[in-house]
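This is the structure I want to talk about, given as structure tokens.
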Amino acid sequence: MNFYYINDLKLLGKVDQFVPYLYQKGRGWVVDNQNLLMDRLMGYDSGEKSLGNTSTLTLIDEITEEQANQKIKELEK
């Protein structure tokens with residue numbers, strides 16, 4: 001399982017068994033039906049309709065599970 005922080009949206013994400021999830025305060029992990037996480041992981045630029053866009057790839061950072069748990073604690077305060 002991999003964890004991510006989407007910088008521009010200030011969201012936590014994870015991929016578990018090829019399924020992307022976003023963390024929502026009060027709801028926990030929900031399936032990312034809008035593909036926000038995967039678009040950033042692949043560098044998808046909706047304006048240019050292309051993959052591998054460097055500016056999109058820089059909007060996401062891989063983080064550890066411990067970092068994700070810390071951010072969740074901060075969100076749920």
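By how many degrees, between 0 and 90 and to the nearest 10, does the Cα long axis of helix 65-75 differ from the longest principal axis of the chain?
With both axes taken from Cα atoms, the answer is about 70 degrees.
Let me check I've understood the local charge: for residue 31, count other residues with C-beta under 14 angstrom from its C-beta, Lys and Arg +1, Asp and Glu -1. What total comes out?
So the surrounding residues net to 0.
I've got another one for you. Can you spot the aspartates and glutamates whose alpha carbon is less than 18 Å from residue 10's alpha carbon? Ignore those fewer than 8 places along the same chain.
32, 39, 61, 62, 65, 66, 74, 76
Once label points are set 7 Å from the Cα along Cα→Cβ at both residue 55 and residue 72, what is their separation, rounded to one decimal in nm?
Each label point is offset 7 Å from its Cα along the Cβ direction, giving 3.4 nm.
Right, another one. Roughly speaking, to the nearest percent, how much of the chain's 1.4 Å accessible area is carbon and sulfur?
49 percent
Mind checking the per residue accessible area of the chain for me, 1.4 Å probe, whole number of Å²?
I get 67 Å² per residue for the chain.
Could you point to the residue in 26, 50, 7 farthest towards the positive end of the chain's charge dipole, with +1 and -1 charges on the Cβ of Lys/Arg and Asp/Glu respectively?
Of 26, 50, 7, it is 26.
Where does the chain land at 222 nm, in deg cm²/dmol rounded to the nearest 500, when only DSSP H runs of n ≥ 4 count, each adding -39500 (n - 2.57), divided by all residues?
The per-residue figure over the chain is -7500 deg cm²/dmol.
Scan the range 43-77 for GluC sites (Glu not before Pro) in coil per DSSP, keeping those whose Cβ has at most 10 other Cβ atoms within 10 Å, and list them by number.
Listed in order of number, the matching sites are 48, 76.
Return a whole-number percent for the relative contact order of the chain, with Cα pairs under 8 Å and 6 or more residues apart as the contact set.
It comes to 33 percent, rounded to a whole number.
Any idea what diffusion coefficient the chain gets from Stokes-Einstein, in µm²/s, Kirkwood Rh on alpha carbon pairs, 10 °C, 1.306 mPa s?
The calculation lands on 125 µm²/s.
Please sort 22-33, 50-61, 2-13 by packing, taking for each peptide the average over its residues of neighbouring beta carbons within 10 angstrom, highest first.
2-13, 50-61, 22-33
To continue, here is another question. With Cβ to Cβ distances under 10 Å as the rule, what net charge do the other residues near residue 4 carry (K, R +1; D, E -1)?
Every neighbour counted, the sum reads 0.
Charges only on Cβ, +1 for Lys and Arg, -1 for Asp and Glu: so what's the dipole of the chain about the Cα centre, in debye to the nearest 20?
It comes to approximately 300 debye.
The values are calculated or read from the model by the stated rules, or taken from the named source; none is laboratory data. Everything numeric here is computed off the predicted structure, so don't read it as measured data. FYI the Cβ positions are ideal-geometry reconstructions off the backbone, even for glycines, and counts take in every protein chain you see. Just the protein is used for accessible areas: all its heavy atoms, side chains included, with ligands, DNA and RNA removed. Shrake-Rupley method; radii C 1.70, N 1.55, O 1.52, S 1.80 Å.
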